[in-house]
Amino acid sequence: MVITVDGQPVEVQRGVSVAAAVSAAKGYTRRSVCGEARGPLCGMGICFECRVTIDGHAQQRSCQIPAAAGMQIATEVVIERPAASVGHGRRAADVVVVGAGPAGLAAATAVVRGGQRAILIDDNPAVGGQIWRAGGVPVAPSIELHCQTRVVDQPAPGVLRAENPDGIIDFSYRKLVLATGARERFLPFPGWTLPRVLGAGGLQAMVKAGLPIAGKRVVVAGTGPLLPLVAAYLRQHGAKIIAIAEQQQAPLLMKFLSALPPKKILELMKMAPALAGVPVWSSTWPAEAYAGGVTLNRWGKLKKIACDYVACGFHLIPNTELARMLGCAMQNGCVVVNERQETNVADVYCAGEPTGVGGVELAEAEGAIAGTAAAGQGPSKKLLKQRERYRRFADRLDEVCALRPELRDLPRADTVVCRCEDVTYGQLTAQPDTRAAKLLTRCGMGPCQARVCGPACEFLLGWSAPAVRPPVFPARVAAFSASASRE
Ligand SMILES: Cc1cc2nc3c(=O)[nH]c(=O)nc-3n(C[C@H](O)[C@H](O)[C@H](O)COP(=O)(O)OP(=O)(O)OC[C@H]3O[C@@H](n4cnc5c(N)ncnc54)[C@H](O)[C@@H]3O)c2cc1C
Ligand code: FES
């Protein structure tokens with residue numbers, strides 16, 4: 001099929017995302033406030049670097065939108081005339097689950113098995129969360145599913161407001177399960193804003209969404225188990241992996257590997273052939289990216305490497321904005337839950353990565369426990385045992401992915417930290433805290449709402465997490481001024 005990008009016809013395959021199509025055609029998706037070319041970073045709807053104008057609608061996150069025949073796409077920002085009115089729907093269920101990744105799917109399935117009505121909401125075009133985002137995940141027909149729908153606010157107790165392409169929907173619930181997952185942590189280094197530098201999971205998501213990678217040279221860098229997973233995936237799709245650069249020291253990596261649960265050892269063994277011959281360098285991290293390559297800091301020495309893509313992420317951080325907006329208690333950046341996955345807020349449960357990053361098995365166990373509890377039943381001993389086992393794995397993951405202090409020297413004074421507003425590290429070091437930086441530099445005030453620069457500032461500058469205010473994602477003004485026009 002054919003779409004139009006900045007007036008030029010472009011042939012694309014069915015199922016390709018707009019971000020993948022535009023990146024392949026133009027090499028970038030937007031210009032920053034200072035005029036730099038930018039491309040997708042996260043591939044999952046968090047960073048807003050992929051936003052384009054589609055059929056006259058401005059600020060669309062193109063990584064979340066499948067390309068359709070005849071689409072007119074512009075990388076230039078247009079001023080969109082606000083719609084006079086938008087649709088306003090209302091839905092209700094016993095249990096509403098936000099997030100259709102492994103945790104949310106397990107929760108919604110447990111709810112309907114318990115004889116209750118469940119609504120499952122996700123921002124992505126399909127269910128599956130980050131790990132199964134290529135699609136094809138079965139959903140029980142009794143679950144009411146709302147994809148491309150993102151929860152942005154709580155207008156009244158027991159009601160969540162969400163935005164979808166048609167307008168807004170208010171979801172009423174008796175019980176709520178938050179399963180909002182995690183995102184990659186990004187650290188700024190010189191050149192990290194170049195369009196060919198993406199998150200590790202970000203590049204994987206873009207390839208799953210149709211970005212051609214065959215024959216491309218890729219350096220995978222950062223920290224965490226996602227790096228080898230991504231490298232194996234990209235290689236299986238024809239990429240040439242030049243190296244995996246892991247910031248952690250070798251002894252800690254070996255300690256982590258030697259204590260893996262049997263299921264993870266099996267996964268590692270399955271992945272090994274795809275990584276045969278790929279150098280894995282410990283104590284190595286990106287010092288600078290430039291057009292056509294990256295300089296790595298390897299054991300204190302700088303090494304220049306030519307490549308087409310740098311895929312760089314520093315493990316994962318929980319998506320807790322919605323939980324924090326609802327008043328859920330937090331500890332060490334994670335939502336606090338009891339044995340039944342209940343938060344301190346009445347009738348609100350939380351499962352999966354927002355309670356701590358621990359992988360798909362932990363997410364599924366927590367989701368099933370939360371859904372069972374929300375349906376008014378007790379979880380099985382088997383589920384509780386699975387959760388315990390993988391919580392121990394999560395603790396070891398935290399240890400092996402701890403960032404080393406040298407990474408605080410990654411940015412230079414002129415390195416952009418806040419990509420939405422082009423605020424540099426030098427501008428931020430002149431500020432005492434998050435609040436002053438927001439007021440005086442606009443750091444964290446752009447559409448990603450500090451999801452990218454906030455965690456970076458926490459690590460680099462020791463600042464606290466920025467406060468959360470509704471809407472938790474940018475939403476159309478028209479959507480909020482709409483009166484009920486459709487049920
Ligand atoms: C980029 C990335 C790539 C990954 N790739 C792999 C991999 O290849 N292999 C692997 O083993 N593990 C991978 N992981 C880890 C894996 O995602 C987790 O181990 C596990 O799947 C987490 O499940 P979850 O249900 O907690 O969260 P997720 O799978 O992240 O699902 C959370 C869902 O919540 C939705 N959501 C969040 N906020 C809102 C909102 N306000 N409104 C509506 N929907 C919302 C998101 O769109 C998302 O679909 C990856 C993680 C990331 C971040
Ligand atoms: S790449 Fe689309 S929002 Fe980050």
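P(r) for the stretch 254-377: what percent of alpha-carbon pairs falls in each 5 Å bin, starting at zero?
2, 9, 13, 14, 13, 12, 13, 11, 8, 5, 2, 0
If the cut-off is a Cα-Cα distance under 18 Å, which lysines reach LYS304, setting aside same-chain residues fewer than 8 apart in sequence?
The qualifying lysines are LYS216, LYS240.
Check cross-link reach from LYS385 to the lysines: straight Cα distance under 21 Å, and skip same-chain residues fewer than eight apart.
Here the lysines satisfying the reach criterion relative to LYS385 are LYS263, LYS264.
Quote the accessible area belonging to LEU211 in square angstrom, nearest 10, computed with a 1.4 Å probe and with ligands, DNA and RNA left uncounted.
In the full protein context, LEU211 sits at about 10 Å².
Quick one: check the C-alpha center-to-center distance for the stretch 184-241 versus the stretch 45-120, whole angstrom.
25 Å
Within the accessible area of the chain, what % is carbon and sulfur when the probe is 1.4 Å and the other protein chains stay in place?
Numbers: 11080 of 20390 Å².
Ligands and nucleic acids excluded, carbon and sulfur give 54 percent.
With a 1.4 Å probe and every protein chain left in place, tell me how much accessible area THR415 has, in Å² to the nearest 10.
We get 10 Å² for THR415.
For the stretch 371-447 and the stretch 276-349, what is the separation of their C-alpha centers, rounded to whole Å?
Taking the Cα centre of each part, the stretch 371-447 and the stretch 276-349 sit 7 Å apart.
Under the rule of -39500 (n - 2.57) per DSSP H run of 4 or more residues, summed and divided by the residues of the chain, what mean residue ellipticity at 222 nm is obtained, to the nearest 500 deg cm²/dmol? Don't skip to the answer; put the middle values down first.
Details: 13 runs with 131 residues, N = 487.
Rounded to the nearest 500, the figure is -8000 deg cm²/dmol.
Sort 273-280, 241-248 by the packing proxy (mean of other Cβ within 10 Å over each peptide's residues), most packed first. Walk me through the numbers on the way to the answer.
On the way: 273-280: 12.6, 241-248: 23.6.
Most protected by this proxy first, the peptides run 241-248, 273-280.
How large is the accessible surface per residue of the chain, computed with a 1.4 Å probe and reported in Å² as a whole number?
Ligands and nucleic acids excluded, the figure is 42 Å² per residue.
Length gain on complete extension for the stretch SER258 to ALA436, per 0.36 nm per residue less the alpha carbon to alpha carbon distance? Intermediate results must be reported in sequence, preceding the final value.
Details: separation 178, 0.36 × 178 = 64.08 nm, distance 4.52 nm.
59.6 nm is the gain from fully extending SER258 to ALA436.
On a full-extension model of 0.36 nm per residue, what is the gain between ASN338 and MET269, subtracting their alpha-carbon distance, rounded to one decimal in nm?
Numbers: separation 69, 0.36 × 69 = 24.84 nm, distance 3.49 nm.
Roughly 21.3 nm would be gained on extension.
Aspartates and glutamates near LYS381 by alpha-carbon distance under 16 Å, same-chain residues fewer than 8 away left out - which ones?
Within the straight-line limit of under 16 Å, LYS381 reaches these aspartates and glutamates: GLU339, GLU361, GLU364, GLU366.
Which percentage, to the nearest 5, of the DSSP beta bridges contained in the chain is antiparallel?
Numbers: 42 of 81 bridges.
Here the share of antiparallel DSSP bridges comes out near 50 percent.
Quickly rank 365-373, 67-75 as a protection proxy: mean count of other C-beta atoms within 10 Å, highest first.
Working: 365-373: 28.8, 67-75: 17.0.
The packing order, highest mean first, is 365-373, 67-75.
What is the antiparallel percent of DSSP beta bridges lying wholly in the stretch 1-141, to the nearest 5? Each step should come with its number before you reach the end.
On the way: 12 of 18 bridges.
Of those bridges, close to 65 percent are antiparallel.
Sort TYR390, TYR28, TYR290 by heavy-atom solvent-accessible area, probe 1.4 angstrom, most to least.
Largest accessible area first, the residues go TYR290, TYR28, TYR390.
Amide H of GLY89 versus every other amide H placed in the peptide plane: which residues, excluding those fewer than 5 positions away on the same chain, fall under 5 Å?
ILE168, ILE169, ASP170
The values are calculated or read from the model by the stated rules, or taken from the named source; none is laboratory data. Just so it is clear, the model here is predicted, and its values are computed rather than measured. Positions of Cβ are backbone-derived with ideal geometry, glycine not excepted, and every protein chain shown enters the neighbour counts. With ligands, DNA and RNA removed, areas are computed over all heavy atoms of the protein, side chains included. Shrake-Rupley method; radii C 1.70, N 1.55, O 1.52, S 1.80 Å.
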